[in-house]
1. Could you give the nm distance between label points at Met1 and Glu109, where each point is 7 Å from its Cα heading toward the beta carbon?
2. Please give the peptides 73-81, 26-34 ranked by average Cβ packing (other Cβ atoms within 10 Å per residue), highest first, as a rough proxy for protection.
3. Can you give me the Cα centroid spacing of segment 24-59 and segment 60-111 in angstrom?
4. Rounded to two decimals, what is Rg over Rh for segment 17-104 when you use alpha-carbon atoms and the Kirkwood radius?
5. Once R0 is set to 41 Å, what does the formula 1/(1 + (r/R0)^6) return for the Cβ-Cβ distance between Thr57 and Trp102, expressed as a FRET efficiency to the nearest 0.05?
6. Calculate, in nm to one decimal, what Phe42 and Arg116 gain on full extension: separation in residues at 0.36 nm each, minus their alpha carbon distance.
Amino acid sequence: MTKPLDPEMLDPLCPSDLVPFRVEDKWAGMIIQCLEDGLRRFSELRALLRNTSKVLTQSLRTLERDGFIIRTVHAGPVRHVEYELTSLGRSLLDLLDAARTWARAPLDELIDAHERHQPLTEPANTTRCPRPDTSS
């Protein structure tokens, strides 16, 4: 028999809405990875992630609000916006690397599970996944 859940295991005062890195935002990890090597323009991120401006803007705003990235607007003849990681954002890079390493092993199993539960009318996922790090 399974051990019952402890009713006190979750702190009722836990500020879970303040936990900035949310699993449901599939773009956050990819955006953070894209910013690993330095500043990126919005247009670079949108092209690489093949994302709509609205969804990307929402994810970037959330990451900025939560302190993971800095948004800089450059005014002038050609206005542009750049994003970069804060030290807090950089602190997630090892965590993201660990998650990518873990996901490589059961990737086929993860894909099979997703396909078993994907409605027939749901379009295939066209999200680009980050390339595996082959330098190690």
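1. 3.0
2. The peptides rank, most packed first, as 26-34, 73-81.
3. Each part's Cα centre sits 7 Å from the other's.
4. When Rh is taken as the Kirkwood radius, the ratio is 0.97.
5. E(calc), rounded to 0.05, equals 0.90.
6. Going from the current span to full extension adds 23.1 nm.
Laboratory data are not the source of any read-out in this text; all were calculated from the coordinates shown. Just so it is clear, the structure is predicted and the values come from calculations on it, not from any experiment. Glycine gets a Cβ as well: all are built from the backbone with ideal geometry, and neighbour counts include every protein chain shown.
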